[in-house]
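Notes follow the structure.
Read the figures in this text as sums done on the coordinates, not as results from a lab. Owing to the predicted nature of the structure, the values given are computational and were not obtained by experimental measurement. Here the Cβ is made from the backbone with ideal geometry for all residues, glycine too, and neighbour counts use every protein chain on show.
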Amino acid sequence: MKAAQEERREAAPVAEAPPLEIHDMTVAYQRRPVLWDIDLELPEGRLIAVVGPNGAGKSTLIKAALGLVPRASGRVEVYGKPIEKQLSLIGYVPQRESVDWDFPVSVLDVVMMGRYGRLGWFRRPGREDREAAMDCLRKVALQDFAGRQISQLSGGQQQRVFLARALAQEALLYFMDEPFAGVDAATEQAILGILQELRSNGRTVVVVHHSLQTVRDYFDHLVLLNMHVVAHGPIEEVFTEENLRNTYGGRLPLLEQAADAVQRRSV
Amino acid sequence: MSGPAPWLAILALAAAQALLFAAVGANRVLEWVQTACASAGLPYNTVMVLAGSGLLGVSSAVIGSYAVLRRRSLIGDAVAHAAPPGIALAYLIARERNFFLLLLGALVSGVLGAAVIAWLRQSTRTRQDAAIGLVLSVFFGLGIVLTSAVQRDPTGAHAGLEGFLLGKTAGLVSQDLLLIAVTSANILILVWLFQKEFLLLSFDPGFAAVQRWPVQALDVLMMTLLVAATVIGLPAVGVVLMAAMLIIPGVAARFWTDRLSRLLPLAGAFGLASAGAGTYFSSVSEGMPTGPVIVLTAAAVCLFSMFAAPRRGIAAGILKRIRMRERVARQNLLRTMYELAEEAPDSAASLEEVAARRGWRAAEALRLLRRAERRGELRRTPDGRWALTEHGLQKALEVVRAHRLWELYLVEQASIAADHVDRDADELEHILPPEMVLQLESRLRSEGRWPEDRVPASVHPIESAAGEAR
């Protein structure tokens, strides 16, 4: 238990270092590269969208950075130190489909998992943890669902449970894998509100995003990805028709969608 | 989270037990139990058998529940079926019935089987189910061949290896039972210690990894416990049926609860009951193998759970559908009565009119009308016709309001043609939550379209539904 606390003290941001730095990262699935030479340096206190076509490796980028899938080469640093040493500064929202929602746990149980990292080995969550978890549930407006089994929630509510669990991690840097996928309008607004609150508290949030229509309104920094980084930077510089065409290639319907989105912005 | 804490805890647990047994010896421990039984007036042999098989039942049910939840139920089965060659070889090497060595042989061969499955899957693209089936039958076949060879040997005939096939608690001596009991107790202690860690590992290993939990080490620990429970279960339950001990209690318990913290003890209780019943019946009836009785008891518990459990059970599902159908029929009747009264405010409705409007058979309509009368929603007029009571009118207003709001919503928001709307609204209005009705209502009100009587007009002409299938 002591070890957990020490680790937490040990992990700390190095002044002036960016929240996330990726150098020459290449990732391969069964020898077939899915990400090539990724080089990224992301600024602090921003909402950062990772956007690209299906199969571009958006989720893989997050998972490889976190060490959930092996990197063939490259290194990843968080606030100036290797990410493996800084994991206690990180919050994570996996894709909703990544778990079995029929698993016998309650909503509060899942949110409480966000606190496990600081609890350390063998210690059970106490009253303090329960209160912290309830606070996080309140932020996503699910406090009345605390005792429900997770399969009784709608897709949007399940997504908010995952978000609450990440909030319970009290992190500096958040990775979120498609938090807006398949959610209702109310949930979309709720998630957006929380992202903005995190930003105003100086947190950095990296979000895998699929909708070109909203990316400009929701985010202030953009990474365009298609197996390699096509462009990245402040959204007003990067969100151009040319960059989008380079990212989406010949995929016509998507390109049209992209063109529409750009057009709407330039009016 | 990679600190040494967990491994120190496991080591301390193992060291304490090793010290105890080294200092006093297993036989002294058994003597203590014997004395304790004598002074309490309990039959020593029965106590030992029940302690061994009982603890085994609980521990295999608990660790098996995790396997079920992680969709790895068949790993226990594969390990069990892969054990016989190891058991026979252990006997051929030791040339005597050394229980510990036999189990060790089972362990090695079982783990080897599991490893071959993993290797086949990764290196040859054989699918998991095919790999399990392949390894399971080949190892089992080899085990039978080797066991027959042992039994042809004059000394081997008394080894009792055939007890490993179907399980035979009667063939176990106190030392064997002690080993089973101690191993089971250790499994339970470790599961209790690692509760939080195992929950996280089972539900979301990716998230666990981001929190720096050593996911692979925890996974290996959990698999080790599963294999340990499987191996010590072999002599009591048998190679063929051991998987049932791991799987059935967890499946049965899942019907009763939505919380892992309640599922594990419940599964343990089911395991205990099945093991107790199996042991009892095989001891009172000559020649009855333990394994099959245990499995049949567990299956009976599971079947009962499957049928009778509240919410998740089959009976609950049927009951829910019946109630829903009744509710829909009741609401449809109220709405029909309201609509008929809307058209002809001065006259009550006849049975035929109601039946024709809804497309009900007369007998069905009569049954529903009578039922509504008993609830005080309808009354019968002196001339044998039916009318809404004041109470019924209030209920009908609610139903009609929800129905028409929903119709309006479908026509205006979902752009569904008005003549298709009635049926769609019919399907959904019965499950509309009250918040949603309020939401629809406040929209109409804000647009200034909310009528005085709080019931909007129908969007389509109401007509006889006699021709409709509904």
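Using modelled amide H (1.01 Å from N, peptide plane; none on Pro or chain starts), what sits under 5 Å from the amide H of A:VAL50, excluding residues fewer than 5 places away?
A:VAL207, A:VAL208, A:HIS209, A:VAL223
Considering amide H positions built from the backbone, and no H for Pro or chain starts, which residues 5 or more places from A:LEU35, or on another chain, come under 5 Å of its amide H?
Residues meeting the amide H criterion: A:VAL27.
May I ask which of B:LYS196/B:LYS320; B:LYS168/B:LYS196; A:LYS81/B:LYS196; A:LYS58/B:LYS320; B:LYS320/B:LYS395 have a Cα-Cα span longer than 32 Å here?
Too far apart for the 32 Å limit: B:LYS196/B:LYS320; B:LYS168/B:LYS196; A:LYS58/B:LYS320.
List the DSSP H helices in chain B whose Cα atoms stretch 30 Å or more along the helix axis and whose mean Kyte-Doolittle hydropathy is at least 1.6.
Within chain B the helices that satisfy the rule are B:99-124, B:215-237.
Once the Cα atoms of helix A:127-139 and of chain A are each reduced to a long axis, what angle between those two axes, in degrees from 0 to 90 to the nearest 10, is obtained?
On a 0 to 90 degree scale, this one is about 40.
Check A:VAL93: other-chain or 5+ apart residues with amide H under 5 Å from its amide H, H built from backbone geometry?
A:PHE175, A:MET176, A:ASP177
Answer rounded, prolate or oblate for the stretch B:5-310, using the Cα gyration tensor with square roots of eigenvalues a ≥ b ≥ c: rounded when a/c is under 1.5, else prolate when a/b is larger than b/c, else oblate.
Verdict is rounded for the stretch B:5-310.
Relative to the Cα centre, what is the charge dipole magnitude of chain A, using +1 at the beta carbon of each Lys and Arg, -1 at the beta carbon of each Asp and Glu, and rounding to the nearest 20 debye?
It works out to roughly 720 debye.
Angle, helix A:252-266 long axis vs. longest principal axis of chain A, Cα atoms, 0 to 90°, nearest 10?
The angle comes out at about 90 degrees.
Quickly estimate the mean residue ellipticity at 222 nm for chain A, helices only: each DSSP H run with n ≥ 4 gives -39500 (n - 2.57), and the total goes over all residues, rounded to 500.
-12000 deg cm²/dmol, from helical runs alone.
Can you tell me which lysines have their Cα less than 22 Å from the Cα of A:LYS85? Leave out same-chain residues fewer than eight positions away.
Cross-link targets: A:LYS2, A:LYS63.
Among A:THR204, B:THR155, rank each residue by its count of other Cβ atoms within 10 Å, from fewest to most, as a rough exposure measure.
Final ranking by Cβ density, sparse to dense: B:THR155, A:THR204.
In which sequence would B:ARG254, B:ARG311 go, from the one with the fewest C-beta neighbours within 10 Å to the one with the most?
Going from sparsest to densest Cβ surroundings: B:ARG311, B:ARG254.
Each residue of the stretch A:176-186 in turn: what ³J(HN,Hα) in whole Hz from Karplus with 6.51, -1.76, 1.60 and θ = phi - 60°, glycine and Pro shown as x?
10, 9, 6, x, 9, 6, x, 9, 6, 4, 4
May I have the extent of the alpha carbons of the protein assembly as shown along their three principal axes, as whole Å values ordered from largest to smallest?
98, 81, 48
Would you mind calculating the relative contact order of chain B from Cα pairs under 8 angstrom and at least 6 residues apart, reporting the percent as a whole number?
16 percent
Rounded to the nearest 20 Debye, what is the dipole magnitude of the protein assembly as shown about its Cα centre when Lys and Arg each give +1 and Asp and Glu each give -1 at the C-beta?
Value, rounded to 20: 2020 debye.
Using a simple charge model, +1 on the beta-carbon of Lys and Arg, -1 on the beta-carbon of Asp and Glu, nothing else, what dipole does the stretch B:5-310 show about its Cα centre, in debye to the nearest 20?
Computed charge dipole of the stretch B:5-310: roughly 580 debye.
³J(HN,Hα) across the stretch A:40-56 via Karplus (A = 6.51, B = -1.76, C = 1.60, θ = phi - 60°), whole Hz, x for Gly/Pro?
9, 9, 9, x, 7, x, 10, 9, 10, 9, 9, 10, x, x, 4, x, 6
Picking from A:GLY193, A:PRO43, B:HIS81, whose Cα lies most toward the positive end of the charge dipole for the protein assembly as shown (charges on Cβ: Lys, Arg +1; Asp, Glu -1)?
So the residue furthest toward the plus end is B:HIS81.
Reachable lysines from A:LYS139, Cα under 22 Å, same-chain residues fewer than 8 places away excluded?
Partners within reach: none.
Could you please rank B:CYS302, A:CYS136, B:CYS37, placing first whichever residue has the fewest other Cβ atoms within 10 Å of its Cβ?
By the 10 Å Cβ count, ascending: B:CYS37, B:CYS302, A:CYS136.
Within a 10 angstrom radius of each residue's Cβ in B:252-263, how many Cβ atoms of other chains show up on average? Whole number is fine.
Counting other chains' Cβ atoms within 10 Å and averaging over B:252-263 gives 3.
How many Cβ atoms of partner chains, on average, are near each residue of A:99-110 if near means within 10 Å of its Cβ?
What the average comes to for A:99-110 is 5.
Residue by residue through A:114-126, how many Cβ atoms from other chains fall within 10 Å of the Cβ on average?
That average works out to 4.
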